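One structure is given here, and the rest of the page talks about it.
Read-outs throughout are calculated quantities, based only on the coordinates presented, and are distinct from any laboratory measurement. Keep in mind that what you see is a predicted model, and the values were worked out from it rather than measured. Glycine also receives a Cβ, built like all others from the backbone with ideal geometry; neighbour counts cover every protein chain displayed.
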Amino acid sequence: MYKTLNGPITAQVEITTRCNLLCTHCYNYWRQGKSQPDFTLTKELVDSIVNELIKNGVFRVVITGGEPFLYPDIAFYLAQKLKEASIPFSFNTNLNPLTNKIVERIVQSGPESVLTSLISFDESMHDSVAQKKGAFKRTVCGIRRLLEAGIHVGVNMVVTKNNVYQVYETGVFVASIGVKAFSATKAAPPANDFESFSKLMLSTSDTHQVLADLLRIQQETGLIVDSLEHYPYCLIGDVSKFPQLASRRCTAGVTSCTIGANGEIRPCSHAPISYGNIFSDGLSDAWQKMQPWRDGSLIPKGCKACKYLAECSGGCRVEALVVNGRLDEMDPHACGEDKVTSLPGRKAPSEEKIQALLCSTIKVPTLRERRESLGWIVSGEHKAKKVTFINEDTHTLLKLIQNRPPQKVMDLQAEFNLAQNSISFLYELLRRGVLETV
């Protein structure tokens with residue numbers, strides 16, 4: 001179903017299994033067990049991981065946990081090593097351990113962004129779910145401090161039966177304190193305790209209400225809204241209303257993986273399954289063993305004949321495992337292709353935008369790139385630049401442009417006899433940061 005890349009594009013690195021909160025919905029597979037593991041990376045282990053990330057051409061890293069800022073020296077050592085390797089990174093944190101010094105070090109480290117979780121606008125609800133009094137105040141204070149320091153902060157609300165009726169008010173609250181991006185994401189069941197979690201699990205109608213609330217938040221506040229997990233098209237239903245969500249795919253074992261604090265390499269942070277250890281086996285060996293996540297063998301029978309499979313990819317394999325017992329079973333939220341009432345539109349750039357592009361002068365910035373069997377993966381080195389797949393001809397053209405002074409697009413069009421669809425593709429490369437105007 002998917003081609004096997006030489007390595008992951010993105011890796012999540014869990015620097016510790018420890019956390020200062022005990023959220024009732026936590027997806028970390030070890031959190032609800034009777035005996036919890038206690039692993040934390042050392043600087044020597046960080047060096048080993050970063051060497052593997054460099055060797056395998058990883059483009060981006062998420063520094064996470066547990067709670068990474070329980071061990072700020074390790075978190076910032078990893079950040080510094082990634083920075084030295086020109087690998088962009090971000091932090092996932094509950095912000096509760098933040099001090100003035102940690103805020104300063106976050107700013108100095110230069111992350112692309114910080115993602116935090118706000119369970120509710122209601123302090124008592126947040127603290128109850130986090131099982132820590134004062135957690136809400138510390139998270140909100142951390143958000144404000146990072147925003148004041150110029151850090152891009154994204155806020156995610158993990159939604160269960162407990163707080164599903166609070167999505168709208170939480171989004172409005174987040175907008176009021178200056179956040180620009182808000183996600184509301186259905187909680188994923190932990191791998192070893194579905195029985196306890198089942199009473200928290202959202203129904204289809206609950207999920208539709210969450211999506212409706214996100215639309216309302218976007219329309220009323222201007223927030224960028226999203227959900228951070230891949231949802232089956234048949235769960236979304238009216239897919240055209242949610243282009244951002246519809247563009248999500250399950251990237252586990254396809255373009256991303258998670259590296260645990262014990263070195264175990266998993267397809268995603270939710271998955272309890274290891275395919276090898278980065279310290280003993282290396283990243284490449286584990287990545288190759290994840291072939292079933294790419295070749296279609298984990299697609300459930302009920303999805304294989306669906307006309308939307310190529311766009312949807314069949315939902316979450318880990319939820320299928322936890323709820324239905326096997327990786328190749330149905331996502332528990334999937335409900336059949338007849339529930340899909342619309343598809344996302346694919347808009348070509350307007351004539352006005354094409355004309356503006358033709359009159360523009362462009363250059364190719366410094367790119368990070370990795371060769372693959374079917375072409376190249378490229379990304380601009382600056383923050384928030386998207387990773388882009390291109391073919392050999394496009395790569396050759398980019399290299400040619402890069403070795404010249406900035407040039408007008410209309411001159412390039414004349415020189416290379418570029419058709420309209422090629423100009424539209426240049427527009428997309430510009431939008432994704434592979435080209436820049438001067």
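Which whole-number percent gives the relative contact order of the stretch 10-339, counting Cα pairs below 8 Å spaced six or more residues apart? Write down the numbers at each step before the final one.
On the way: 619 pairs, mean separation 57.8, N = 330.
After rounding, I find 18 percent.
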In a GNM of the chain with a 10 Å cut-off on Cα contacts, which of P344, P190, P232 has the highest mean-square fluctuation? P344
Which Rg and Dmax, in Å, describe the Cα atoms of the chain? 22.0, 68
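May I ask what percent, to the nearest 5, of DSSP beta bridges between residues of the chain are antiparallel? Please list the in-between numbers first.
On the way: 17 of 46 bridges.
The antiparallel proportion sits near 35 percent.
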Just the Cα atoms of the stretch 351-437, one point each, no solvent: what log10 I(q)/I(0) does Debye give at q = 0.22, 0.24 Å⁻¹? -1.13, -1.32
Under 20 Å from K83, Cα to Cα: aspartates and glutamates that are on another chain or at least 8 residues apart: E14, E44, D47, E52, D73, E104, E112, E369, E381
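Ranked from highest to lowest mean number of other Cβ atoms within 10 Å per residue, what is the order of the peptides 309-321, 103-115, 78-90?
Working: 309-321: 22.2, 103-115: 17.2, 78-90: 18.9.
Final packing ranking: 309-321, 78-90, 103-115.
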What does the charge count near F76 come to, summing +1 for each Lys or Arg and -1 for each Asp or Glu among other residues with Cβ under 11 Å from its Cβ? +3
Show the residues, 5+ positions off or on another chain, whose built amide H is closer than 5 Å to the amide H of C335. C234, L235
Can you tell me the 0 to 90 degree angle between the C-alpha axis of helix 420-431 and the longest principal axis of the chain, rounded to 10? 50
Convex hull volume of the stretch 315-384 per residue (C-alpha atoms, cubic angstrom): 221
In whole percent, the Cα-Cα distances of the stretch 282-404 spread across 10 Å bins from 0 upward as 10, 23, 28, 24, 14, 2
Using a Gaussian network for the chain with springs between C-alpha atoms less than 10 Å apart, which of these wobbles most: Q244, Q291, Q413? Q413
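Taking the stretch 1-149 on its own, what percent of its Cα-Cα pair distances exceed 19 Å? Could the numbers behind the result be given before it?
Details: 6108 of 11026 pairs.
Tail fraction, whole percent: 55.
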Taking Rh as the Kirkwood radius computed over C-alpha pairs, what is the Stokes-Einstein D of the stretch 82-218 at 10 °C in a medium of viscosity 1.306 mPa s, expressed in µm² per second? 100
Residues meeting the amide H criterion for T258 (H placed from the backbone, H to H distance under 5 Å, 5 or more places apart or on another chain) are Q12, R266, C268
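What pairs from K180/K353; K301/K339; K3/K81; K307/K386; K55/K289; K3/K186 go past 20 Å between their alpha carbons? Could you put the intermediate results ahead of the total?
Details: K180/K353 26 Å; K301/K339 18 Å; K3/K81 30 Å; K307/K386 28 Å; K55/K289 18 Å; K3/K186 29 Å.
Violating the 20 Å limit, Cα to Cα: K180/K353; K3/K81; K307/K386; K3/K186.
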Helix 204-221 versus the longest principal axis of the chain: what is the Cα-based angle in degrees, 0 to 90, to the nearest 10? 60
Which whole number of Å³ per residue matches the convex hull of the alpha-carbon atoms in the stretch 65-156? 87
